[in-house]
């Protein structure tokens, strides 16, 4: 909660008050001149449409942000921040709703501003690595959400991110067990929840083997332990809070991508009062293995007691996932994707009980 002291003119405005039989004292006059206004550092929509945080103007500047419109009935500013390779604010992200973008975004690396160089960018003879440190702004932050608004780097090779890769390190043990180390290609529309209750910061690295059409814009959001409506259940790498939406494998790219190897994580859907079963419709479904006889080394989608692999999903790519408790969808991929299977895109809809 932030407090702002504002001076308010008295005089003609006081004419509507009940008249006193005596003149006010000097102290009473001084007290009436000031009004204390309080407002929270809530999420706000900036004048350019981006997401920001409501701060006082001085706090926004101190945090390395930019005032981009007003909030809190005009008593605060909608403070936005973008960290790119041209930014002078340093390599640390610690303000809520900060955007991590490539230099010159929305242009690509090859067409954007490539002359910028800071401590976040290191270059060898064959690769360029961009490093960002995401630091918790307070000790009670328990989760970080990374939202890939736009992300495209080099495509994988037989499912392996040998060309370019995104890596995230420093999360606590809950996320470390399920966080893929093999991330590349097109991740636009995906998101990740990072558990950070026992750590102070995480490191995000984007390593490129070429400077071409790659680009990225990632929104970083912090959630503290009291924001129970937003926190993902323990072990959920992805958490879909709407009653309908889409769940895709990484680098699905509307069916034009290639399934990434060595993934084992859980995508979860929030419970909604009055809803039970889930309707699932696959826009396409292509995993390794043979439907009906999935082995331990095959790609797999596990829904409760049912396991799916191969190219068959339900009846004509539609099925109803019967309610059996929490909506936890286990996604596992094998060590190779020589067949270059695309993975799956599932549209889900919660059904009334």
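Every number in this text was worked out from the coordinates using simple rules, so none of it is lab data. Nothing here was measured: the structure is a model prediction, and the numbers come from that model. Cβ atoms come from the backbone with ideal geometry, glycine included; neighbour counts cover every protein chain shown.
Diagonalise the Cα gyration tensor of region 218-353 and give the resulting equivalent ellipsoid semi-axes, square root of 5 times each eigenvalue, largest first, whole Å.
After diagonalising the Cα gyration tensor, the semi-axes are 25, 18, 13 Å.
How far apart, in nm, are the 7 Å Cα→Cβ label points at residue 177 and residue 347?
3.5 nm
Can you bin region 84-231 into rounded, prolate or oblate? Criterion: square roots of the alpha carbon gyration tensor eigenvalues sorted a ≥ b ≥ c, rounded for a/c under 1.5, prolate for a/b above b/c, oblate for the rest.
Prolate, since a/c reaches 1.5 and a/b exceeds b/c.
Can you pull the three principal axis extents for the Cα set of region 294-353, in Å, largest first?
On the principal axes, region 294-353 reaches 42, 22, 15 Å in Cα extent.
Could you please rank 39, 285, placing first whichever residue has the fewest other Cβ atoms within 10 Å of its Cβ?
In increasing order of surrounding Cβ atoms, one gets 39, 285.
Arranged by the count of other C-beta atoms within 10 angstrom, fewest first, what order do 105, 130 take?
Arranged by neighbour count, lowest to highest, 105, 130 become 105, 130.
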